[in-house]
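Below: one structure, written as structure tokens.
The values are calculated or read from the model by the stated rules, or taken from the named source; none is laboratory data. Not measured: the values here are computed from a predicted model. Cβ: placed from backbone, ideal geometry, glycine included. Neighbour counts: every protein chain shown. What goes into the accessible areas is simple: the full protein's heavy atoms, side chains included, and nothing from ligands, DNA or RNA. Shrake-Rupley method; radii C 1.70, N 1.55, O 1.52, S 1.80 Å.
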Amino acid sequence: MEHMRALIRPYHSSDLDALYRICLLTGDDGQDATSLYDDPRLLGHFFAAPYGLFEPAMAFVAEDAAGVGGYILGALDTQAFEERLERTWWPHLRARYPDPPASVPAGQRTPGQQVAHMIHHPWRTPDKLTARYPSHLHIDLLPRLQGSGLGSQMTKTLIAALRDQGSPGVHLHVPQGNQHAAGFYRHIGFSELPATPDELPAPHLLLFGMDLQVRS
């Protein structure tokens, strides 16, 4: 699928480094997070690489003449995905990135310490959320690909793939301060859902969901 000279295509294993790069360059609420992390791959270890490695069929990238400049990543069965990461992904990362000491309060952790803490204590999606919305997704685009409708096309591409696999619904989280993103998801058909604290990985997030199948 072509859009504004960018091609949306399925993820290839050779795109893994691009996932890491884009994750870092958009990792500060959409801005470049390079200066925040001593290890430039740490953010991607948590937020991007696992999807390319363990659920590549639900990953798509946007590529233009300058290369891969965006991705949309999803998991068909969120809880099964989380269980697989617990078995095969987090253990070696926990050995590499120590959990910050309890003497460092959460509010005083560096960005790197915050991600290391999440690696050691990943949030698990509750049953009451996955019962209706078992899939999840997230999307990141570099600035050169933003504002052209490409994000909407990429989201529709992944939603079609989830529908084809029989998913009844998909959810995602958006920072409360990112009203641009919240407006984008509302525009393409997501609804903001009331969320109890146990349905949010962090208190500053909003929860959105979309039904994917006709409900009887």
Classify the stretch 60-121: rounded, prolate or oblate, from the alpha-carbon gyration tensor (a ≥ b ≥ c, eigenvalue square roots; a/c under 1.5 rounded; otherwise prolate if a/b is larger than b/c)? oblate
Could you compute the net charge surrounding Leu205? Neighbours are other residues with a C-beta less than 13 Å from the C-beta of Leu205; K and R count +1, D and E count -1. -4
Rounded accessible area of Tyr20 (nearest 10 Å², 1.4 Å probe): 10
Residue-by-residue Karplus 3J(HN,Hα) for the stretch 203-212, coefficients 6.51, -1.76, 1.60, Hz, glycine and proline x: x, 8, 9, 9, 10, 10, x, 9, 6, 10
Other-chain or far-sequence residues with amide H under 5 Å of Ala33's (modelled H): Leu25, Thr26, Gly27, Asp28
At 1.4 Å probe size, with every protein chain present, just tell me what the per residue accessible area of the chain comes to in Å². 50
Rounded, prolate or oblate (a/c below 1.5 giving rounded, otherwise prolate when a/b exceeds b/c) for the stretch 113-165 by Cα gyration tensor: oblate
Nearest-0.05 FRET efficiency for Gln165 and Arg87, computed from C-beta distance (R0 25 Å): 0.70
Could you compute the net charge surrounding Asp127? Neighbours are other residues with a C-beta less than 15 Å from the C-beta of Asp127; K and R count +1, D and E count -1. -2
What nm distance separates the two modelled labels at Ala106 and Asp211, each placed 7 Å from Cα along Cα→Cβ? 3.4
Given R₀ = 41 Å, FRET efficiency for Arg96-Glu63 by Cβ-Cβ distance, to 0.05? 0.85
First check a/c for the stretch 9-161, with a ≥ b ≥ c the square roots of the eigenvalues of its C-alpha gyration tensor; if it is under 1.5, answer rounded, and if not, answer prolate when a/b is larger than b/c or oblate otherwise. oblate
How do Phe54, Phe190 stack up against each other in accessible area, from largest to smallest, with a 1.4 angstrom probe? Phe54, Phe190
Note to self: C-alpha centroids of the stretch 74-116 and the stretch 164-216 sit apart, in Å, by 23
Accessible carbon and sulfur surface of the stretch 72-216 relative to its total accessible area, %, 1.4 Å: 54
Largest fluctuation, Leu162, Leu129, Leu193 only, Gaussian network model of the chain with Cα springs under 10 angstrom, belongs to Leu193
Accessible area of the stretch 14-54 belonging to carbon and sulfur atoms, whole % at 1.4 Å probe: 50
Run the quick spin-label model on Asp127 and Glu192: label points 7 Å from Cα toward the beta carbon, then report their separation in nm to one decimal. 3.0
Mind grabbing the accessible area of Ser167 for me, 1.4 Å probe, Å², rounded to tens? 0
Once all protein chains are kept in place, Ile72 shows an accessible area at probe 1.4 Å, nearest 10 Å², of 0
Considering only Leu42, Leu145, Leu53, give the residue with the highest GNM mean-square fluctuation for the chain, with springs between Cα atoms whenever their separation is below 10 Å. Leu53
